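Worksheet for the structure shown next.
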Amino acid sequence: MTNKLVVVKIGTGSLTKKDGSLDLAKMKQLVNQIADAVKKGHKIILVTSGAIASGIAELGVKPNPNDIVFKQACAAAGQSILMAHYRDLFKNHGLKVAQVLLTEGDLSERTSYLHTCNVLDRLLQMGVIPIINENDVTSTNEIIPVMKGYKVNFSDNDILSVLIANATEADLVVILTTVDGLFSKHPEKPGAKLIPVVEKITPELREAVEGKSRLGRGGMKTKIDAAEIAMRSGIPLVIANSQKPNVLLDVLEGKPVGTFFKPDEKGLPGIKRWIAYGAGVKGQIHVNEGAKKAILKGASLLAVGIEGVSGKFQIGDVVSLVGSDGKEFARGIVNYSSEEVNLIKGKNTSQIKKILGYIRQKEIVIRKRMHLLEKGE
């Protein structure tokens, strides 16, 4: 693999000592590999954890994983420390870096999503390595939004790395962690075997995933979730041990390292990737059984098939489509606001103009701007 755009995610455990302070020897080893990859013609986007852990060590306080504000305060102290070390280490290779802090809103809103893509693209064109982290100081994604019908597709840096790969149309995602890859059972249990290739995420595979990392927020479960998004989007993903010598370079050379998650041959188009995995879902449209069956066969959503609305949304927002059983089966970009949909629900297209005074589009959600959750595209 040469001249590829690669998103590399490095977890907290791969950057820190047992007390949570940054391990500069580990950081240097990983930076050296990234620098070598760049010199070989690859473009690298680095998604890094470690701000909260390094802040805890810097402030000399005890970890308090249940206090979100405490963690945000530690991230504020730790982020500058993390970036200062990255800057110095990459500078030794003649490379420049740029800090990019993101929240769920930056990727869930279409306009800011596109601006983020443009900035990352420009940085790469300038030969700068973007270093991305979730903005833990302002982000509250760990608090589930209380507004009914509102959902954010964002959880931690494992998921963030794949969403960034989707946004930039990367060729590969490499998640570097403290284990060799995905195992048939917890790696500390007897008989656990490394799974070299995963072609499909099965319920049995998920059952084998246990535990969370010591200092990070995620664990193998979030990595499986990230891998599934990457696979469905047509992007290969590798989970490997950051402490193995030259692990990143070996992955880029196609050597059998860690666990390789094979992408679907027919990945989702860019707009559907965003609808499915990046966008914030602002509300729900409840449809009747006839509308659901028509959509699953390839039709758009018309007003006549709508039974009700939950939440508040505007034109261009992403909404969930919910069947009569109460389960979400699709998501799409809506052509009318929630107030408008409430007025025209259950009506024939010919009646829309009489009710609203205009017809923006006959479809409430056009099929090509919709992603099905119940079966493949």
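Each reported figure results from applying straightforward, stated rules to the coordinates on display, with no laboratory input. Because the structure is predicted, anything quoted here is derived from the model rather than measured. When we count neighbours, we look across all protein chains shown, and the Cβ atoms used for this are built from the backbone with ideal geometry, even at glycine.
³J(HN,Hα) across the stretch 197-207 via Karplus (A = 6.51, B = -1.76, C = 1.60, θ = phi - 60°), whole Hz, x for Gly/Pro?
Coupling constants for the stretch 197-207: 9, 10, 9, 7, 7, 9, x, 5, 5, 5, 5 Hz.
Rounding to the nearest 20 debye, state how big the charge dipole of the stretch 5-272 is about its Cα centre with +1 on each Lys and Arg Cβ and -1 on each Asp and Glu Cβ.
The calculated dipole for the stretch 5-272 is roughly 300 debye.
Just how large is the dipole of the stretch 280-372 about the Cα centre, in debye to the nearest 20, putting +1 at every Lys and Arg Cβ and -1 at every Asp and Glu Cβ?
Approximately 320 debye in magnitude.
Set the Förster radius R0 to 45 Å, insert the Cβ-Cβ distance between residue 350 and residue 202 as r into 1/(1 + (r/R0)^6), and round the FRET efficiency to 0.05.
0.45
How would you rank 275, 239, 315, going from fewest to most other Cβ atoms within 10 Å of each one's own Cβ?
Result, fewest neighbours first: 315, 275, 239.
Mark the label point 7 Å from the Cα of residue 266 along Cα→Cβ and return the residues of the stretch 291-307 whose backbone N is within less than 17 Å of it.
296-299
Run lengths n ≥ 4 of DSSP H only: what is the helix-derived mean residue ellipticity at 222 nm for the chain, with -39500 (n - 2.57) per run over all residues, to the nearest 500?
That calculation yields -10500 deg cm²/dmol at 222 nm.
Quick check: pseudo-label points 7 Å beyond the Cα along Cα→Cβ at residue 288 and residue 339, how many nm apart are they?
Once both label points are built, they end up 2.7 nm from each other.
Over what distance in Å are the Cα centres of the stretch 238-262 and the stretch 278-350 separated?
43 Å
Given a Förster distance of 22 angstrom, what is the FRET efficiency for residue 367 paired with residue 3, based on the Cβ-Cβ distance and rounded to 0.05?
Computed FRET efficiency for residue 367 and residue 3 comes out at 0.05.
At a threshold of 8 angstrom on Cα-Cα distance, excluding pairs fewer than six apart, so keeping six or more, what relative contact order does the stretch 218-309 reach in percent?
Relative contact order of the stretch 218-309: 24 percent.
For labels at residue 125 and residue 24 in the simple 7 Å Cα→Cβ model, what's the distance in nm?
Output for this residue pair reads 3.7 nm.
In terms of Cα to Cα distance under 21 Å, which lysines are near enough to residue 293, apart from those fewer than 8 places away along the same chain?
272, 327, 345, 347, 362, 368, 375
Considering only DSSP beta bridges where both residues belong to the chain, give the percentage that are antiparallel (nearest 5).
40 percent
Between the stretch 1-46 and the stretch 161-181, how far is it from one alpha carbon centroid to the other, in angstrom?
Between the Cα centre of the stretch 1-46 and that of the stretch 161-181, the gap is 12 Å.
How far is it, in nm, from the label point at residue 61 to the one at residue 17 when both lie 7 Å from their Cα along the line to the Cβ?
2.1 nm
Classify the stretch 5-272: rounded, prolate or oblate, from the alpha-carbon gyration tensor (a ≥ b ≥ c, eigenvalue square roots; a/c under 1.5 rounded; otherwise prolate if a/b is larger than b/c)?
Rounded.
For q = 0.16, 0.18, 0.20, 0.22 Å⁻¹, what log10 I(q)/I(0) does the stretch 280-372 give under the Debye formula with an equal point scatterer on each alpha carbon and no solvent?
These q points yield log10 I(q)/I(0) values of -0.53, -0.68, -0.86, -1.06.
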